[in-house]
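Undergrad: Dumping the structure here so I can ask a few things about it.
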Amino acid sequence: MSATAIAPRWFVKQDIDGFFGLAVNNLVQILVIVGLTQSVLQFPLTLIYGRILPSIAISLIVGNFYYSWLAYHQGKREGRDDITALPYGINTVSLFAYVFLVMLPVRLLAIGSGASSEAAAELAWQAGLVACFGSGLIELGGAWGADWLRRYTPRAALLSTLAGIALTFIALGFFLRTYAHPLVGILPLGVILLSYFGKVTFRLPGLKLAIPGGLMAIVLGTGLAWITGLVAWDAPQVEAAIAPLGIYLPSLDLVSLWQAKGVLVSYFSIILPMGLFNLVGSLQNLESAAAAGDDYPTAPCLAVNGLGTIAAALFGSCFPTTIYIGHPGCKDMGARIGYSWLNGLVMAVLCLTGSLSLLVYLIPIDSAMAIVLWIGIIIVSQSFSATPVNHYPAVVIGLLPGIAAWGALVAKNSLRVAGLGTPDNPITPELVPAFQQADLFITGAFALEQGLIFSAMILAAMTVYIIEQKFGLAALWAIAAGILSWLGLMHSYRWTGADTVMALGWGAGASWAISYFLLALLLIYVQWTNPKGQD
């Protein structure tokens with residue numbers, strides 16, 4: 001048989017293992033979305049099951065079906081039957097970033113202004129749509145310029161920025177929850193550590209079929225949750241879980257996007273970096289696939305990645321999609337094309353039928369949080385392992401804004417729990433001296449919270465070029481920080497009574513901007529006087 005006569009198959013037996021690995025990951029993301037939108041954002045069920053989940057189905061179908069189609073035709077063209085489709089799903093970092101850095105601030109601002117919970121939820125959802133749409137536009141528009149971006153931004157700057165969010169908003173929150181419910185959380189965490197780090201394969205006695213570590217963790221965690229009483233059978237709750245069952249068809253909604261268009265400006269410092277990170281992260285995953293033997297074309301893959309995110313926003317989802325890390329692992333387990341389209345099909349059925357409501361009740365998020373915790377650990381670990389050893393200080397500096405932002409969120413949530421943040425008891429600057437007396441300079445955390453992705457990336461990039469004694473390039477990054485600060489895209493904030501939010505405007509962040517410009521002058525002086533500094 002000639003090489004050109006060989007063609008890949010749409011499904012092979014090993015695709016089952018790949019499907020469980022990818023589907024568990026996607027399912028966890030969707031369960032987290034349902035959990036956070038209900039508990040943190042207090043979205044009504046009609047919004048979650050009638051608008052958000054059906055649009056997630058659209059976005060997953062777009063990507064999974066396209067990458068399956070691409071793998072089939074590329075394998076057919078190359079005369080190969082061993083090609084593996086690119087894994088695809090909801091972007092974890094964007095999920096948490098948009099919930100905690102865009103939608104939650106919008107909701108709290110609305111509540112502080114006297115809006116009802118339902119009205120605040122609507123505004124927060126619309127803000128999420130615009131953020132998702134903006135991210136998709138950046139991914140789509142940057143598909144043909146991603147190589148240039150990656151060339152001029154140090155890897156430590158990109159990865160440490162993601163790691164700061166992963167360490168706090170993803171990993172630390174779920175780590176605390178693990179030890180709040182130890183009987184449910186610790187054993188599944190052990191399964192994940194054994195499976196993903198220890199490379200242990202779990203099998204049922206007498207059977208050769210391996211059980212994916214993620215699936216086993218969820219089964220164990222769910223069983224422990226029911227045995228220990230964390231979840232209990234309750235007739236009204238069961239009725240509430242069954243109630244959303246039905247058929248939910250996605251619908252195009254341009255009005256909601258247009259009504260919240262101002263979010264593109266107000267949260268530009270979050271939307272732009274997240275779009276760029278999604279773009280660069282997908283590019284890196286394409287390179288990872290090429291190293292494993294499957295060299296896919298860059299521009300169309302990244303473009304479809306952006307189109308999937310845009311489709312999500314147009315139909316009602318606030319959560320961008322992306323090419324996942326893990327292609328080499330799927331290829332090693334023998335997965336080919338079927339695991340991708342099967343994942344899209346199964347996730348779509350779950351999202352379009354309202355059956356996730358029953359899953360959320362039967363499978364508490366505590367049973368799956370070990371997987372999300374592992375994702376956070378991997379992102380932080382990669383920020384070190386994928387960068388040169390001498391750039392480690394830059395990675396550490398890039399972590400700090402994310403940690404500060406999470407600390408600011410915890411502090412403000414604590415004030416709200418204590419009864420502040422309402423029209424009658426607002427959060428005001430008069431609280432600052434009390435924090436400082438406790439040796440907590442909370443205003444620094446508030447400043448780092450605004451535009452944290454920009455500040456993390458810029459600080460890490462400056463540090464990389466200082467380490468490499470390229471002081472002129474470091475000065476350029478400092479000038480960029482000064483410009484962003486002057487415009488209010490970094491550091492500047494204002495008090496709203498319920499929160500501290502970004503203050504945009506000419507000269508809004510003048511004190512920080514002047515400081516960065518002075519730092520740039522220092523770096524230029526050092527470049528001029530230091531013969532080792534090279535551009």
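Undergrad: Here's a check for you: in the stretch 18-33, which residue that is in contact with a strand residue (DSSP E or B) (Cβ under 9 Å, 6 or more places away or on another chain) and modelled with pLDDT under 75 is farthest from residue 209 (Cα to Cα)?
TA: Filtering the stretch 18-33 for residues that are in contact with a strand residue (DSSP E or B) (Cβ under 9 Å, 6 or more places away or on another chain) and modelled with pLDDT under 75, the one farthest from residue 209 (Cα to Cα) comes out as 25.
Undergrad: Suppose we keep only residues that are at positive phi and either at pLDDT 90 or above or surrounded by fewer than 17 Cβ atoms within 10 Å (Cβ to Cβ) (or both) within the stretch 414-450. Which one would you say is farthest from the chain's Cα centre (by Cα)?
TA: In the first step, residues of the stretch 414-450 are kept if they are at positive phi; the result is 419, 421, 439.
Adding the requirement that they be either at pLDDT 90 or above or surrounded by fewer than 17 Cβ atoms within 10 Å (Cβ to Cβ) (or both) leaves 419, 439.
Numbers: 419: 30, 439: 32 Å.
Ranking the candidates gives 439 first.
Undergrad: A further question follows. Anything in the stretch 154-170 that is surrounded by fewer than 24 Cβ atoms within 10 Å (Cβ to Cβ) and not in a helix (DSSP H, G or I)? List them, or say none.
TA: Across the stretch 154-170, there are no qualifying residues.
Undergrad: So, residue 237, is that one over 25 Å from the mean Cα position of the chain (by Cα) and not hydrophobic (A, V, I, L, M, F, W, C) or not?
TA: Working: over 25 Å from the mean Cα position of the chain (by Cα): yes; not hydrophobic (A, V, I, L, M, F, W, C): yes.
Criteria met by residue 237.
Undergrad: Going by the conditions given, is residue 396 surrounded by fewer than 19 Cβ atoms within 10 Å (Cβ to Cβ), of a type in the set (A, V, I, L, M, F, W, C), at pLDDT 90 or above and in a helix (DSSP H, G or I)? Give the derivation first.
TA: On the way: surrounded by fewer than 19 Cβ atoms within 10 Å (Cβ to Cβ): yes; of a type in the set (A, V, I, L, M, F, W, C): yes; at pLDDT 90 or above: yes; in a helix (DSSP H, G or I): yes.
Answer is yes for this residue.
Undergrad: If you scan the stretch 237-257, which residues turn out to be part of a helix (DSSP H, G or I) and either among the aromatic types (Phe, Trp, Tyr) or surrounded by 12 or more Cβ atoms within 10 Å (Cβ to Cβ) (or both)?
TA: At the first step, the residues of the stretch 237-257 found to be part of a helix (DSSP H, G or I) are 237-242, 254-257.
Answer for the stretch 237-257, where residues must be part of a helix (DSSP H, G or I) and either among the aromatic types (Phe, Trp, Tyr) or surrounded by 12 or more Cβ atoms within 10 Å (Cβ to Cβ) (or both): 237, 238, 240, 241, 242, 256, 257.
Undergrad: Being on the phi < 0 side of the Ramachandran plot, hydroxyl-bearing (Ser, Thr, Tyr) and under 25 Å from the mean Cα position of the chain (by Cα), is that true of even one residue in the stretch 465-483?
TA: Taking the stretch 465-483 and keeping what is on the phi < 0 side of the Ramachandran plot, we get 465-468, 470-483.
This time we only want the ones that are hydroxyl-bearing (Ser, Thr, Tyr), so: 465.
Remaining after also requiring under 25 Å from the mean Cα position of the chain (by Cα): none.
Among the residues of the stretch 465-483, not one is on the phi < 0 side of the Ramachandran plot, hydroxyl-bearing (Ser, Thr, Tyr) and under 25 Å from the mean Cα position of the chain (by Cα), which makes the answer no.
Undergrad: Return the total of residues in the stretch 423-443 being of a type in the set (Ser, Thr, Tyr) and either in a loop (DSSP other than H, G, I, E, B) or outside the structural domain of residue 413 (by TED's automatic domain parsing) (or both).
TA: To start, the set of residues in the stretch 423-443 that are of a type in the set (Ser, Thr, Tyr) comprises 428, 443.
Among the residues that remain, those that are also either in a loop (DSSP other than H, G, I, E, B) or outside the structural domain of residue 413 (by TED's automatic domain parsing) (or both) are: 428.
Residues meeting the conditions: 1.
The values are calculated or read from the model by the stated rules, or taken from the named source; none is laboratory data. As the structure is a prediction and not an experimental result, all values here were calculated from the model. Cβ sites come from the backbone with ideal geometry, for glycine too, and all protein chains shown count toward neighbours.
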